[in-house]
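K.L.:
Provided herewith is a single structure, encoded as structure tokens, for subsequent inquiry.
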Amino acid sequence: MLTSFNAEFHKEVHTVAPREVWVDSTDGVKTHAWVMKPASLKKGKKAPGILEIHGGPHTQYGWAYFHEFQLLCAQGYVVVYSNPRGSKGYGEAWCSAIKGDWGNKDWDDLAAVRDWMMKQSYIDVKRMGVMGGSYGGYMTNWAISHCHDFKAAITDRCVFNWTSMAGNSDFPLTGEDYFGGRSFGPHAQMEKLWQQSPCSHFDSVKTPTLVIHSVGDLRCNVEQAEQVFFTLKSLKVETRFVRYPASTSHGLSRDGAPDMRIHRLGQIVDWWKRWLK
């Protein structure tokens with residue numbers, strides 16, 4: 001049975017269909033990615049580009065409708081997203097390639113997508129941004145601590161310091177089977193967790209960064225965002241910290257109160273307008 005429940009919506013709002021690409025990365029692998037061009041982009045012109053990084057890390061992007069991507073396209077941005085190693089959907093080896101080793105093969109793949117973006121004639125390489133939530137926030141932190149190719153960033157409900165998060169998340173690291181270390185107890189191996197933490201690489205960060213986090217986040221405690229904000233301030237890097245109340249959670253952007261979700265999107269739009277427009 002065919003329906004047309006969204007017919008009136010589509011009379012007023014133009015949506016953009018993603019186009020898939022495969023990007024060459026390290027080790028001879030190809031990373032699955034998608035690009036969405038704004039409907040307002042005219043032939044021969046350039047637009048700012050935003051690299052979106054999914055959470056998980058063991059999840060995946062695809063062709064599904066995502067309101068955040070559509071909003072950014074409507075604001076005039078080219079949106080690029082991908083499934084780097086660690087993502088679901090490409091077999092066990094692909095998914096387990098980052099076990100105990102975040103910021104390595106996954107960063108290779110995301111850096112390859114970044115390089116691909118920089119080669120596209122319709123993307124202004126001087127106005128590129130990077131953003132993500134949860135693991136995507138982790139990789140956003142990792143990206144700005146490992147390159148200076150992005151003019152601005154947004155890190156949302158992120159992981160920043162494993163040595164503290166390992167013991168205060170509702171998904172604690174109680175053993176040594178994933179990162180090979182724990183941050184508490186008589187057999188603590190904090191150096192292994194520290195090496196996996198973006199904060200251990202933040203000494204050279206220069207990228208203006210918006211920090212978004214919910215006080216009620218039990219998965220990634222708000223102290224993770226506080227550490228990001230404090231570190232950026234100490235480095236004299238432009239930043240803004242948007243905190244949502246304890247009534248919100250790790251899933252604010254997907255299933256939070258409508259007014260909070262709208263407010264969050266407004267903060268994102270304003271940040272990109274400030275730095276990429």
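A quick yes/no check of all residues on (1) surrounded by fewer than 21 Cβ atoms within 10 Å (Cβ to Cβ); (2) touching a Leu at 6+ places or on another chain (Cβ under 6 Å); (3) modelled with pLDDT under 95; (4) more than 22 Å from Q267 (Cα to Cα):
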position: E20; (1), (2), (3), (4): yes, no, no, yes
position: D24; (1), (2), (3), (4): yes, no, no, yes
position: G49; (1), (2), (3), (4): no, no, no, no
position: Q60; (1), (2), (3), (4): yes, no, no, yes
position: E68; (1), (2), (3), (4): yes, no, no, no
position: P84; (1), (2), (3), (4): no, yes, no, yes
position: K88; (1), (2), (3), (4): yes, no, no, yes
position: A93; (1), (2), (3), (4): yes, no, no, yes
position: G100; (1), (2), (3), (4): yes, no, yes, yes
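K.L.:
Go through S204, S214, S200, S145 for me and flag whichever is over 22 Å from A97 (Cβ atoms), among the hydroxyl-bearing types (S, T, Y) and either at pLDDT below 95 or surrounded by fewer than 24 Cβ atoms within 10 Å (Cβ to Cβ) (or both).
P.N.:
One residue alone meets the criteria, S204.
K.L.:
Now for a separate question. Take the conditions assigned to a loop (DSSP other than H, G, I, E, B), open to solvent by less than 40 Å² (accessible area, probe 1.4 Å) and within 19 Å of L276 (Cβ to Cβ) and apply them to G76. Does it pass?
P.N.:
yes
K.L.:
Shifting gears a bit: Regarding R114, is this residue crowded, with 21+ Cβ neighbours inside 10 Å, touching a Leu at 6+ places or on another chain (Cβ under 8 Å), within 18 Å of M36 (Cβ to Cβ) and not polar (S, T, N, Q)?
P.N.:
Numbers: crowded, with 21+ Cβ neighbours inside 10 Å: yes; touching a Leu at 6+ places or on another chain (Cβ under 8 Å): yes; within 18 Å of M36 (Cβ to Cβ): yes; not polar (S, T, N, Q): yes.
Considered against the rule, which asks whether it is crowded, with 21+ Cβ neighbours inside 10 Å, touching a Leu at 6+ places or on another chain (Cβ under 8 Å), within 18 Å of M36 (Cβ to Cβ) and not polar (S, T, N, Q), R114 comes out as yes.
K.L.:
Is it the case, given these coordinates, that K11 is open to solvent by 50 Å² or more (accessible area, probe 1.4 Å), more than 30 Å from W94 (Cα to Cα), assigned to a loop (DSSP other than H, G, I, E, B) and free of Cβ contacts under 8 Å to residues at least 40 places away in the same chain? Spell out how you get there, then give the answer.
P.N.:
Working: open to solvent by 50 Å² or more (accessible area, probe 1.4 Å): yes; more than 30 Å from W94 (Cα to Cα): yes; assigned to a loop (DSSP other than H, G, I, E, B): no; free of Cβ contacts under 8 Å to residues at least 40 places away in the same chain: yes.
The answer is no for K11.
K.L.:
Is it fair to say H263 is modelled with pLDDT of 95 or more and over 17 Å from the mean Cα position of the chain (by Cα)?
P.N.:
When the stated conditions are applied, H263 passes them.
The values are calculated or read from the model by the stated rules, or taken from the named source; none is laboratory data. Keep in mind that what you see is a predicted model, and the values were worked out from it rather than measured. Glycine gets a Cβ as well: all are built from the backbone with ideal geometry, and neighbour counts include every protein chain shown. The area values use the complete protein model at the heavy-atom level, side chains included, leaving out ligands, DNA and RNA. Shrake-Rupley method; radii C 1.70, N 1.55, O 1.52, S 1.80 Å.
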